[in-house]
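The values are calculated or read from the model by the stated rules, or taken from the named source; none is laboratory data. Keep in mind the model is a prediction, meaning the values are calculated, not measured. Cβ sites come from the backbone with ideal geometry, for glycine too, and all protein chains shown count toward neighbours. The accessibility values were calculated without ligands, DNA or RNA, using every heavy atom of the protein model including side chains. Shrake-Rupley method; radii C 1.70, N 1.55, O 1.52, S 1.80 Å.
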Amino acid sequence: MKYLILITMDNKFKRIIIVIIVGLLVVLFSYFLKYLAINYSISIPCLFHELTGLFCPGCGMTRAVYSLLEFDVIGCFKNNLMLIILLPVFLYYVIKFIYFFINGLSIKNKPFFNQKIVLFLLIIAIFFGVLRNFDYFYFLKPI
């Protein structure tokens, strides 16, 4: 009987359920990774930092995301300030993708990413990556 209900649902409702399930899985997976990092010291190393000793724009990003999962905005700032810049843009594109997916719209015929926004973020990332390696900008280094 439960399979009959899924068959009779319209496509838009099925897509909404898929988005909810995928969102929950992403959150659960994030908490699982955090659990591994805390209890078993399993974390994602920065290859750039390991090879050069310098901080890349993404150093501390995982810890910043973990801080946001706990609603610790100050911890997020301390680990990677750039996440605060990237988060609104990331959320915009996630919401845009979800809207396209739920409504069955194709992104093949239109450019999905705005090239000016991507170029702006790339320039900011490079600038941020250079500044966080100077002692004067110690507050940009991850904790």
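Looking across segment 44-69 at every residue that is touching a His at 6+ places or on another chain (Cβ under 9 Å) and open to solvent by less than 40 Å² (accessible area, probe 1.4 Å), the one that is nearest to PHE128 (Cα to Cα) is identified as CYS56. Of the residues PHE48, PHE77, PHE71, the single one that is farther than 30 Å from GLY104 by Cβ, modelled with pLDDT of 85 or more and in contact with a Cys (Cβ under 8 Å, 6 or more places away or on another chain) is PHE48.
Restricting segment 80-93 to residues that are free of Cβ contacts under 8 Å to residues at least 24 places away in the same chain and either open to solvent by 50 Å² or more (accessible area, probe 1.4 Å) or among the acidic types (Asp, Glu) (or both), the residue that is farthest from ALA37 (Cα to Cα) is TYR92.
Say whether the condition of being within 21 Å of GLY23 (Cα to Cα) and hydroxyl-bearing (Ser, Thr, Tyr) is met by at least one residue in segment 132-141. Among the residues of segment 132-141, not one is within 21 Å of GLY23 (Cα to Cα) and hydroxyl-bearing (Ser, Thr, Tyr), which makes the answer no. Scanning segment 99-130 for residues that are aromatic (Phe, Trp, Tyr) and either at pLDDT below 85 or in contact with a Lys or Arg (Cβ under 8 Å, 6 or more places away or on another chain) (or both) yields a total of 3. There is no residue in segment 108-123 that is open to solvent by 80 Å² or more (accessible area, probe 1.4 Å) and touching a residue at least 60 places away in the same chain (Cβ under 8 Å). Looking across PHE77, PHE101, PHE97, one residue alone is open to solvent by 50 Å² or more (accessible area, probe 1.4 Å) and closer than 30 Å to GLY53 by Cα. It is PHE77. Scanning segment 7-45 for residues that are part of a loop (DSSP other than H, G, I, E, B) and in contact with a Ser or Thr (Cβ under 9 Å, 6 or more places away or on another chain) yields SER43, ILE44.
Here segment 35-55 is the region considered, the condition is being within 19 Å of TYR66 (Cα to Cα) and polar (S, T, N, Q), and the residue that is nearest to the chain's Cα centre (by Cα) is SER43.
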